[in-house]
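Structure record follows, encoded as structure tokens.
The values are calculated or read from the model by the stated rules, or taken from the named source; none is laboratory data. Note that this is a predicted model, so its numbers are computed, not measured. Here the Cβ is made from the backbone with ideal geometry for all residues, glycine too, and neighbour counts use every protein chain on show. All accessible areas refer to the heavy atoms of the entire protein, side chains included, with ligands and DNA or RNA removed. Shrake-Rupley method; radii C 1.70, N 1.55, O 1.52, S 1.80 Å.
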Amino acid sequence: MDVAKVVLDVAKVVLDVGKVVLDVAKVVLDVGKVVLDVAKVVLDVAKVVLDVAKVVLDVGNVVLDVAKVVLDVAKVVLDVAKVVLDVAKVVLDVAKVVLDVAKVVLDVAKVVLDVGKVVLDVGKVVLDVAKVVLDVAKVVLDVGKVVLDVGKVVLDGVQHCHHLRHLPITTAF
């Protein structure tokens, strides 16, 4: 019976070990359920992250499209800037020509001013000569008046002599 007792004791130990293994299996099962629940949460979070990633990707695509439009606009602005620069160069060239013409006009104006000064000086001389001529003309006028007066006296004398002509010469004077 000792063998039966040993077998019985071994059977009890195996039963106790089986109970421990069963308890450990229950714990492992509970832990597995928790891990499964955590896995479900992680899966749900992953789905949310995936949805967010899709939204971020969509936003990224929109930003990329906007960036392409901005790049196209920048190219147009650059082309316009080149045209404006070309026009500015033409305007600058025209301004240089206008400046050169203005310099020539200024030089001509200086010459005209110098000629005007000479003409003014000549005009002053002509005015002085005109004053002298006027003074001479006054003198000639005065002499003319005297000659006229003398002429009247001579004419009166001649007329008087004409009346005396029928008289003899001795009595005329």
| field | Candidates Leu148, Leu57, Leu71: whichever shows maximal mean-square fluctuation once the chain is modelled as a Gaussian network with Cα springs under 10 Å | value | Leu148
| From the residues Gly18, Val133, Val91, which one has its Cα farthest along the dipole of the chain in the positive direction, the dipole being from +1 and -1 charges on Cβ of Lys/Arg and Asp/Glu about the Cα centre? | Val133
| message | Using 5 Å bins from zero, what percent of all Cα-Cα pairs in the range 103-164 falls into each bin? | response | 6, 13, 10, 9, 8, 8, 7, 7, 6, 5, 5, 4, 4, 3, 2, 1, 1, 0
| request: For the chain, set up a Gaussian network in which alpha carbons nearer than 10 Å are linked by springs, and say which option among Val21, Val119, Val83 fluctuates the most. | output: Val21
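So, for the chain, what is the accessible surface per residue at a probe of 1.4 Å, expressed in square angstrom?
Result: 87 Å² per residue.
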| To the nearest 20 debye, what charge dipole does the range 66-144 have about its Cα centre, counting +1 at the Cβ of each Lys and Arg and -1 at the Cβ of each Asp and Glu? | 340
| task | State log₁₀ I(q)/I(0) for the range 7-55 at q = 0.14, 0.25, 0.33 Å⁻¹ as given by the Debye formula over alpha-carbon point scatterers of equal weight, solvent excluded. | result | -0.55, -0.84, -1.01
| query | Carbon and sulfur together cover what percent of the accessible area of the chain at a 1.4 Å probe radius? | reply | 78
| request: Select from Asp16, Asp121, Asp93 the residue whose mean-square fluctuation is largest in a Gaussian network model of the chain (Cα-Cα springs shorter than 10 Å). | output: Asp16
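Kirkwood Rh over alpha-carbon pairs of the range 26-173, then Stokes-Einstein at 25 °C and 0.890 mPa s: what D in µm² s⁻¹, rounded to an integer?
Numbers: Rh = 29.3 Å.
Result for D is 84 µm²/s.
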| task | With a cut-off of 16 Å, note down the residues of the range 39-53 whose backbone N falls inside the zone around a label point 7 Å from the Cα of Val59 toward its beta carbon. | result | 48-53
| query | Using unit Cβ charges (K, R positive; D, E negative) and no other charged atoms, how large, in debye to the nearest 20, is the dipole of the chain about its Cα centre? | reply | 580
| said: How tilted is helix 2-164 with respect to the longest principal axis of the chain? Cα atoms for both, answer in degrees (0 to 90, nearest 10). | reply: 0
| remark: Partner lysines whose C-alpha sits under 18 Å from that of Lys54, ignoring same-chain residues fewer than 8 away, are none
